[in-house]
Amino acid sequence: GESVGLHLPTLSVQEGDNSIINCAYSNSASDYFIWYKQESGKGPQFIIDIRSNMDKRQGQRVTVLLNKTVKHLSLQIAATQPGDSAVYFCAETDSGTYKYIFGTGTRLKVLA
Amino acid sequence: DAGITQSPRHKVTETGTPVTLRCHQTENHRYMYWYRQDPGHGLRLIHYSYGVKDTDKGEVSDGYSVSRSKTEDFLLTLESATSSQTSVYFCAIYSGTGEQETQYFGPGTRLLVL
């Protein structure tokens, strides 16, 4: 089993439904944001990123929304699939510092 | 995976013994990082490196040291392991290519200190 995720909030969604995972970030100076996916026993994998001069960015089946006013980031996954089951967490950075702050994550469970 | 490997992948050791974890990258990235991941916490930075022989402390550096004598290798040493250092350790590199400035992670090392 994995050591990460024992106390994580969990989002359970039906296969085929859309998922929305939220993240509150902490640093007003952060200008670049990333969503990562972490499967059991593996390292975090990059999913999508967004800069602070944007409020929305779309990838393949994923969309990231950024609300700088309330320091909130969300990840939307369309037509959620069993392979999407994982822990998702956000990261923020103030560009040029080369340092990142990571959220604690949300576990996504896809129900068949 | 940005060409990052970590060794060992699993380690069990006893309290008081020194332990060294290795991170190896093949793509000549300048910045490398060591994190630990524990339940209830996000990834926490232990140490990072911005070049050969250039390292700095992160937020949880006590009890850890690092070395980087070559661009491709970043070593993390637990000088005298304690049970509180039981964790999953991840190495990461920074890759900034135009629009993206992302950290990519290795597969992790699970360390159990008895």
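What to note about this one:
- Within the range B:91-112, considering residues that are open to solvent by 10 Å² or more (accessible area, probe 1.4 Å) and more than 10 Å from chain A (Cβ to nearest Cβ), the one farthest from the chain's Cα centre (by Cα): B:Gly98
- Qualifying residue in the range B:73-83 (condition: of a type in the set (Ser, Thr, Tyr), open to solvent by less than 20 Å² (accessible area, probe 1.4 Å) and within 14 Å of another protein chain (Cβ to nearest Cβ)): no
- Identity of the residue in the range B:44-62, without any contact (Cβ under 8 Å) to a residue 12 or more places away in the chain and in a strand (DSSP E or B), that ends up farthest from the other protein chains (Cβ to nearest Cβ): B:Lys57
- Evaluation of B:Val88 against (1) in a loop (DSSP other than H, G, I, E, B); (2) open to solvent by less than 20 Å² (accessible area, probe 1.4 Å) (one fails), failing number: (1)
- Screening the range B:1-43 for residues that are in a strand (DSSP E or B) and in contact with an Asp or Glu (Cβ under 6 Å, 6 or more places away or on another chain) and picking the one that is surrounded by the most Cβ atoms within 10 Å (Cβ to Cβ) gives B:Gln25.
- Boolean, A:Tyr98 is closer than 18 Å to B:Gly106 by Cα and touching a residue at least 60 places away in the same chain (Cβ under 8 Å): no
- Strands (runs of 3 or more DSSP E) wholly inside the range A:13-112 containing at least 3 residues that are within 10 Å of chain B (Cβ to nearest Cβ): A:32-38, A:45-51, A:86-93, A:100-102
The values are calculated or read from the model by the stated rules, or taken from the named source; none is laboratory data. Computed from a predicted model, the values in this text were never measured in an experiment. Because the Cβ atoms are built from the backbone with ideal geometry, glycine has one as well, and the counts that use them run over all protein chains shown. Protein only, heavy atoms only, side chains kept; ligands, DNA and RNA dropped before computing areas. Shrake-Rupley method; radii C 1.70, N 1.55, O 1.52, S 1.80 Å.
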